[in-house]
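**Student:** Next up is a structure, given as structure tokens.
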Amino acid sequence: MTHDLILRNVRVVRPGVDDAPLGDIAVDGGRVTAVGPDLGTDAREVVDGHGQLAFPGVVDAHQHWGIYNPLDEDTATESRACAQGGVTTSLTYMRTGQYYLNTGGPYAEFFPRVLEASEGRSYVDYAFHLAPMQAGHIDEIPALVDEHGVTSFKIFMFYGSHGLHGRSNDQNDFLMIPEGERYDIAHFEFVMRGIQRAREARPDIADAISLSLHCETAEIMTAYTKIVEQEGRLSGLEAYSASRPPHSEGLAVTIASYLAHETGLPTINLLHLSSGKALEAAMLMAQTFPHVDFRREVTVGHLLADIHTADGVGGKVNPPLRPREDVEALWRHVLAGDVSWVVSDHACCKEATKFGDDHEDVFAAKSGFGGTEYLLPGLVGEGLKRGLPLSRIAELTSTAPAQRFGLGATKGDLAPGFDADIALVDPDRSWVVDPADSESTQEYTPFRGLEIGSTVTRTILRGRTVFADGKVVGEPTGQFLRRPTAS
């Protein structure tokens, strides 16, 4: 049999498999058809992996295309950054309101515009999480599931009375919700009930329907922002972390968890937990409500950078980068198996937008930064130094998010029948981050000067190379993924 592709001489990393044996991967029709030693060279294309690690393509489950730049532009450029970092599937958050498409209204009108803006422009496969921002959106959840294959939803717990970048007294205009509605805890409850009704209506796919929450408490952050600014002792990222203290995360996690218990919604994802206190609260809630299937997310930024090592105000993000003791606490939880997956929270924010006229005022800067291109190499490099097994890295970056978000039939493993999404990694080639080398259109990075301990050398999407020899290659062939995908 003549295969479409044979990837030879690679150490195949698979979830749940302790070793990474040297072998070959055969690909036909965009799917893996065989994995094993000595598969020969009878193929239209043969690639020698030179003994490097072959990971399942990364499923970066937390990105933000189109938040600071037009969606059609971000889809093209930021998907290139994905390919550069071994990411073959992007799950990107989208909502109505200011930013993104800068419009309100029903998703029946909004989401087709999202699909049109992104179609045919991505170098990797992609899907969208959607946020029910107003009461009418809750009623649309079944249609979003059935008609568009959108099975994951989001709540931003602080948006009702605290701004994206800091304090705000004008959140209803920011959210573009109808007069008389509130984006508050009661709305969060009703969103949960709506999602649970959708799960009950579709028991065949209920496990793929979930709710993610950004867990910070508006009232705590508003009060502490005022304290930090009035005292004036702190500046930069240290001030921003203090203005959004870790117990704000812990309290929000607790509220979200009790609401999940109250509404009977078991599929809860706690996003970008940034501190020891946030993880402590999340683990306590898992013990308190064992019937809720909590998943706990951490970003590569919170694992690789702290308030002192990040490159200035460009490291402003929500929740904030934290002191080194929180970074070490996150790593302890990663190594203990408490973290479900690791993501980038990639949000390309160009320099003029990020900083405005003052590069030093952290409270005036916009929140968020890119980093999908550093996710896999950063986690491999730092993880191996700390004793994180290769199979666990595959689970954290690919298998676990694929399974949770309805992609487990086609993504997340290097086994026959799965999409041939492959990231080749040289674990012995380190490099120093320079934003000029990134495919993202962001001109800076808080990771500037950081030594990354491994290198992605090739990225393959459904059997086709999209990144090799330091360059993105070919035309964009990424597909919108209706979920759950079928094998």
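The values are calculated or read from the model by the stated rules, or taken from the named source; none is laboratory data. Computed from a predicted structure; not experimentally measured. Ideal geometry is used to build each Cβ from the backbone, glycine not excepted, and the neighbour counts take in all protein chains shown. Note: accessible area is taken over every heavy atom of the protein model, side chains too, but ligands, DNA and RNA are not part of it. Shrake-Rupley method; radii C 1.70, N 1.55, O 1.52, S 1.80 Å.
**Student:** One residue is enough: does segment 255-272 have a residue meeting the conditions in contact (Cβ under 8 Å) with a residue 12 or more places away in the chain and over 30 Å from residue 483 (Cβ atoms)?
**Tutor:** No, segment 255-272 has no match at all.
**Student:** Ok, one more. Tally up the residues in segment 10-65 that are farther than 24 Å from residue 453 by Cβ and of a type in the set (S, T, N, Q), please.
**Tutor:** The total comes to 2.
**Student:** Which residues, taken from segment 71-130, are within 16 Å of residue 370 (Cβ to Cβ) and either touching an Asp or Glu at 6+ places or on another chain (Cβ under 6 Å) or aliphatic (A, V, I, L, M) (or both)? Give the steps one after another, and end with the answer.
**Tutor:** As a first pass, look at segment 71-130 and keep what is within 16 Å of residue 370 (Cβ to Cβ): 71, 73-87, 90-93, 99, 122-124, 126.
Those that are within 16 Å of residue 370 (Cβ to Cβ) and either touching an Asp or Glu at 6+ places or on another chain (Cβ under 6 Å) or aliphatic (A, V, I, L, M) (or both): 71, 76, 80, 81, 83, 84, 85, 87, 90, 91, 124.
**Student:** Hey, does segment 219-241 have a residue that's at pLDDT 95 or above, closer than 21 Å to residue 157 by Cα and touching an Asp or Glu at 6+ places or on another chain (Cβ under 6 Å)?
**Tutor:** No, every residue in segment 219-241 fails to be at pLDDT 95 or above, closer than 21 Å to residue 157 by Cα and touching an Asp or Glu at 6+ places or on another chain (Cβ under 6 Å).
**Student:** Working only within segment 227-253, note down all residues that are aliphatic (A, V, I, L, M), farther than 24 Å from residue 338 by Cα and open to solvent by less than 20 Å² (accessible area, probe 1.4 Å).
**Tutor:** 228, 237, 239
**Student:** Would you mind stating whether residue 60 is acidic (Asp, Glu) and either without any contact (Cβ under 8 Å) to a residue 24 or more places away in the chain or buried (at least 19 other Cβ atoms within 10 Å of the Cβ) (or both)?
**Tutor:** Values: acidic (Asp, Glu): yes; either without any contact (Cβ under 8 Å) to a residue 24 or more places away in the chain or buried (at least 19 other Cβ atoms within 10 Å of the Cβ) (or both): yes.
So residue 60 fits the description; yes.
**Student:** Sticking with this one: Looking only at segment 323-350, count how many residues are out of contact with any helix residue (DSSP H, G or I) (no Cβ under 8 Å at 6 or more places or on another chain), in contact (Cβ under 8 Å) with a residue 60 or more places away in the chain and assigned to a helix (DSSP H, G or I).
**Tutor:** Residues flagged as out of contact with any helix residue (DSSP H, G or I) (no Cβ under 8 Å at 6 or more places or on another chain), in contact (Cβ under 8 Å) with a residue 60 or more places away in the chain and assigned to a helix (DSSP H, G or I) within segment 323-350 amount to 0.
**Student:** Continuing with this model, one more query. Quick check: anything in segment 213-224 among the β-branched types (Val, Ile, Thr), over 27 Å from residue 128 (Cα atoms), in contact (Cβ under 8 Å) with a residue 60 or more places away in the chain and part of a helix (DSSP H, G or I)?
**Tutor:** yes
**Student:** Being within 23 Å of residue 408 (Cβ to Cβ) and either open to solvent by 10 Å² or more (accessible area, probe 1.4 Å) or not aliphatic (A, V, I, L, M) (or both): is that true of residue 89 here? Break it down stepwise before answering.
**Tutor:** On the way: within 23 Å of residue 408 (Cβ to Cβ): yes; either open to solvent by 10 Å² or more (accessible area, probe 1.4 Å) or not aliphatic (A, V, I, L, M) (or both): yes.
For residue 89, the condition - within 23 Å of residue 408 (Cβ to Cβ) and either open to solvent by 10 Å² or more (accessible area, probe 1.4 Å) or not aliphatic (A, V, I, L, M) (or both) - is met.
**Student:** Further question: Filtering segment 304-340 down to residues that are acidic (Asp, Glu) and touching a Gly at 6+ places or on another chain (Cβ under 8 Å), which residue is most open to solvent (accessible area, probe 1.4 Å)?
**Tutor:** 325
**Student:** Looking at segment 22-57, which of its residues are open to solvent by less than 70 Å² (accessible area, probe 1.4 Å), within 23 Å of residue 377 (Cα to Cα) and assigned to a loop (DSSP other than H, G, I, E, B)?
**Tutor:** Passing the criteria: 49, 51, 52, 57.
**Student:** For residues that are open to solvent by 10 Å² or more (accessible area, probe 1.4 Å) and either of a type in the set (A, V, I, L, M, F, W, C) or in a loop (DSSP other than H, G, I, E, B) (or both), tally how many sit in segment 254-280.
**Tutor:** So the count comes out to 4.
**Student:** Could you tell me which numbered condition residue 191 fails, if it satisfies all but one of (1) open to solvent by 20 Å² or more (accessible area, probe 1.4 Å); (2) assigned to a helix (DSSP H, G or I)?
**Tutor:** Tallying (1) open to solvent by 20 Å² or more (accessible area, probe 1.4 Å); (2) assigned to a helix (DSSP H, G or I), residue 191 fails exactly one: (1).
**Student:** On to the next question. Being at pLDDT 95 or above and surrounded by fewer than 15 Cβ atoms within 10 Å (Cβ to Cβ): is that true of residue 178 here?
**Tutor:** Criteria not met by residue 178.
**Student:** Given the conditions (1) within 30 Å of residue 404 (Cβ to Cβ); (2) out of contact with any strand residue (DSSP E or B) (no Cβ under 8 Å at 6 or more places or on another chain); (3) small (Gly, Ala, Ser), report the number of the one that residue 236 does not fulfil.
**Tutor:** (1)
**Student:** Continuing with this model, one more query. Quick check on segment 274-293. Is at least one of its residues at pLDDT 95 or above, within 21 Å of the chain's Cα centre (by Cα) and among the aromatic types (Phe, Trp, Tyr)?
**Tutor:** no
**Student:** Based on what the data block shows, is residue 153 within 27 Å of residue 198 (Cβ to Cβ), surrounded by fewer than 24 Cβ atoms within 10 Å (Cβ to Cβ) and modelled with pLDDT of 95 or more? Walk me through it before giving the result.
**Tutor:** On the way: within 27 Å of residue 198 (Cβ to Cβ): yes; surrounded by fewer than 24 Cβ atoms within 10 Å (Cβ to Cβ): no; modelled with pLDDT of 95 or more: yes.
Here the answer is no, as residue 153 does not meet what is asked.
**Student:** Considering only segment 110-125, state which residues are open to solvent by less than 10 Å² (accessible area, probe 1.4 Å) and within 19 Å of residue 100 (Cα to Cα).
**Tutor:** 110, 111, 114, 118, 122
**Student:** Let me ask you something else. Residue 101 is checked against (1) of a type in the set (A, V, I, L, M, F, W, C); (2) farther than 20 Å from residue 152 by Cα; (3) surrounded by fewer than 20 Cβ atoms within 10 Å (Cβ to Cβ) and fails just one. What number does that condition carry?
**Tutor:** (2)
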